[in-house]
Amino acid sequence: MPTDTKRVRGPETSQSPLLFWSRPAKVLPSHGPRADGRQRDQVDVRPVFVRCGLVSQAKGSAYIEAGSTKVLCCVYGPRETERKDETDMKSGRLTTDMRFAPFSCPERGSWIQGSQDKDFSLMLQESLQPAVCLHKYPRSQIEVNVMVLENSGSVLAHAVTCASMALADAGIEMYDLVLGCSLRQDGGSYVVDPTYPEENSWRSGSGEKQGGLTVAFLPSLNQVSGLQSDGEMAEETLTAGIRTCIEGCYKLYPVIQQALIKAVRRAALPPAES
């Protein structure tokens, strides 16, 4: 193919310098009200919008929106499992897949599942499995697919809640719903249901302990089904953080119940006319 010798062209693999220019993480203050008006050191969660049955192709589906965090979950099955062993003969198998849309984060991601997606998928499975009656579905497999449409903080906690609602919408027998709540400890104060900037704001060299905590909780049974912690937190701080997250789950419980009741009423057949 002939080339244009009169045009000076850059290398084919060249990229804009702005691609490699990263802004330093903004350090948020550790005192006073938060950026969205909520208070520190209080169980102050963001208002949530939830709805079930949005995806008609799935057995069950749910959508949750907390602030700017948007999560969609679809449940397929129970269907016959492809790989059978002694465990599958006695009880069913629960598989989870959690992915981030490329446009969900400030930094554009890829459709290929990365290490963070795999870690979140494993944590999601460990949080949901104790609540599902898998012994009622021998030789079967239940698939839970979570798509994060927008990540504005506390995405794992809201994914657990959304997946639990989708399982209930699919008619899967469960011991209880599973609700999630996150907390971020920053020195002597903490924030419940942290936003994306609050999760990624670390004051290096401050000498204060910083860490994050996510709890999956079964409110009716009063049991913790999942716990994920990172950073450095003292034992007393960790215990108090778990109690705070449980209180946050209880605040979400009535909202989730009402959303499921509305979904059942929409799916119920209208009364026959006499």
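Residues in the stretch 143-155 that are touching a Gly at 6+ places or on another chain (Cβ under 7 Å) and either crowded, with 24+ Cβ neighbours inside 10 Å or of a type in the set (S, T, N, Q) (or both): S152 alone. Any residue in the stretch 165-181 that's touching a residue at least 60 places away in the same chain (Cβ under 8 Å): show its pairings with residues that are basic (K, R) at Cβ separation under 8 Å, as long as the two are six or more apart or on different chains. Here the result reads A170/K59; G171/K59, each pair linking the stretch 165-181 to a residue that is basic (K, R).
Among the residues of the stretch 182-189, are any assigned to a strand (DSSP E or B), over 15 Å from L252 (Cβ atoms), at pLDDT below 90 and hydroxyl-bearing (S, T, Y)? Among the residues of the stretch 182-189, at least one is assigned to a strand (DSSP E or B), over 15 Å from L252 (Cβ atoms), at pLDDT below 90 and hydroxyl-bearing (S, T, Y), which makes the answer yes.
A count restricted to the stretch 153-170 and to residues that are polar (S, T, N, Q) and either part of a strand (DSSP E or B) or over 16 Å from Q116 (Cβ atoms) (or both) stands at 2. Of the listed requirements (1) surrounded by fewer than 24 Cβ atoms within 10 Å (Cβ to Cβ); (2) touching a strand residue (DSSP E or B) at 6+ places or on another chain (Cβ under 6 Å), Y196 misses just one: (2). If you go through the stretch 229-272 and pick out every residue that is in a helix (DSSP H, G or I), open to solvent by 70 Å² or more (accessible area, probe 1.4 Å) and within 25 Å of D119 (Cα to Cα), you end up with 2.
Taken as a whole, the stretch 171-178 holds no residue that is part of a helix (DSSP H, G or I) and crowded, with 17+ Cβ neighbours inside 10 Å. Can you work out which of the residues in the stretch 179-192 that are under 27 Å from L94 (Cα atoms) and out of contact with any Gly (no Cβ under 6 Å at 6 or more places or on another chain) is surrounded by the most Cβ atoms within 10 Å (Cβ to Cβ)? Going through the qualifying residues, I end up with G180. Within the stretch 240-274, the set of residues being polar (S, T, N, Q) and at pLDDT below 90 comprises S274 only.
The values are calculated or read from the model by the stated rules, or taken from the named source; none is laboratory data. Source: prediction; values computed, not measured. Every residue, glycine among them, receives a Cβ derived from its backbone with ideal geometry; neighbour counts consider all protein chains shown. In case anyone asks, the SASA skips ligands and DNA or RNA and just uses the protein heavy atoms, side chains included. Shrake-Rupley method; radii C 1.70, N 1.55, O 1.52, S 1.80 Å.
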